[in-house]
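See below for the structure under consideration.
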Amino acid sequence: MRASLTLICQGETTASRGSHFPCDDPLEAREWQRVQKLHSIASRYHSVWTAPGTATRQTATALSLHATPTAELADTDYGLWAGRPLREVMTQDPEAFHAWLEGAAPPGGESRVQLLARCAAWLAQRVDIPGLHCAVVPAAVIRAMIVDVLGAPPQSFARIDIHPLSITELHSDGRRWHFCVLKDRTTGK
């Protein structure tokens, strides 16, 4: 049997809605209803992992998924910028902000290359585990996994849009992962 990995993007948070750097924020109140639209897909997995963050764990709980929190699936570590408004960082530290846009680490945080390496290592450890699997993760983790699977350059990370509660499928032949595009099941787009 081949491996299939369903990646469910966590629901929207106050930080994502308010253009803040994430800081272990909970789901927005209205997201709980949107999560329910995905409930029909949630009971068929051999194993389920989740990022350790509050929003990902809440998304998994709302889907009735019994998930194992996994540190390697955590959102990017934004260091000293966690919880701060993007506009504030842009105006107070424009050089560091522009370097971050190009992939550098925020002060005390994680660079894009570090995130890509972390996610690639996690995927590589599961490439030959047959069955249906699921991970509820932040958008940045899904983008990093897509970049890895496609062998795309790190700059392509910023050109991939992942919407809250969207579903991405990866399939493995036991040697490598393949990317499969799916519709956003909450909006039908």
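When both residues are 6+ apart or on different chains and their Cβ atoms are under 7 Å apart, which pairs have a first residue that lies in segment 110-121 and is within 16 Å of Ile142 (Cβ to Cβ) and open to solvent by less than 50 Å² (accessible area, probe 1.4 Å), and a second that is at pLDDT 95 or above and among the small types (Gly, Ala, Ser)? These pairs meet every condition: Leu115/Ala140; Leu115/Ala144; Leu116/Ala144; Cys119/Ala144. In the set His171, His133, only one residue is surrounded by 17 or more Cβ atoms within 10 Å (Cβ to Cβ) and in contact with a His (Cβ under 8 Å, 6 or more places away or on another chain); that residue is His133. Candidates in segment 27-84 are the residues that are among the aromatic types (Phe, Trp, Tyr) and open to solvent by less than 70 Å² (accessible area, probe 1.4 Å); of these, the one that is farthest from Ala15 (Cα to Cα) is Tyr45. Restricting attention to segment 15-37, the residues being within 19 Å of Arg143 (Cβ to Cβ) and part of a strand (DSSP E or B) number 1.
Taking the stated definitions as given, is Pro22 under 21 Å from Met145 (Cβ atoms) and open to solvent by 50 Å² or more (accessible area, probe 1.4 Å)? So Pro22 does not fit the description; no. Looking across segment 85-109 at every residue that is charged (D, E, K, R) and part of a loop (DSSP other than H, G, I, E, B), the one that is most open to solvent (accessible area, probe 1.4 Å) is identified as Glu102. Condition first: outside any strand (DSSP E or B) and at pLDDT 85 or above. Now tell me which residues in segment 1-14 satisfy that. If the condition is that a residue be outside any strand (DSSP E or B) and at pLDDT 85 or above, then Arg2, Gln10, Gly11, Glu12, Thr14 are the ones that fit.
Take Ile162 and tell me if it is of a type in the set (A, V, I, L, M), open to solvent by 20 Å² or more (accessible area, probe 1.4 Å), part of a loop (DSSP other than H, G, I, E, B) and within 27 Å of Trp32 (Cβ to Cβ). Answer is yes for this residue.
Taking the conditions (1) farther than 17 Å from Ser16 by Cα; (2) assigned to a loop (DSSP other than H, G, I, E, B) in turn, Asp75 satisfies each one other than (1).
The values are calculated or read from the model by the stated rules, or taken from the named source; none is laboratory data. What you see is a predicted model; the values in this text were computed from it and never measured. Note that each Cβ is placed from the backbone with ideal geometry, even for glycine, and that neighbours are counted across all protein chains shown. Just so you know, the surface numbers come from the protein's heavy atoms only, side chains and all, with ligands and any DNA or RNA stripped out. Shrake-Rupley method; radii C 1.70, N 1.55, O 1.52, S 1.80 Å.
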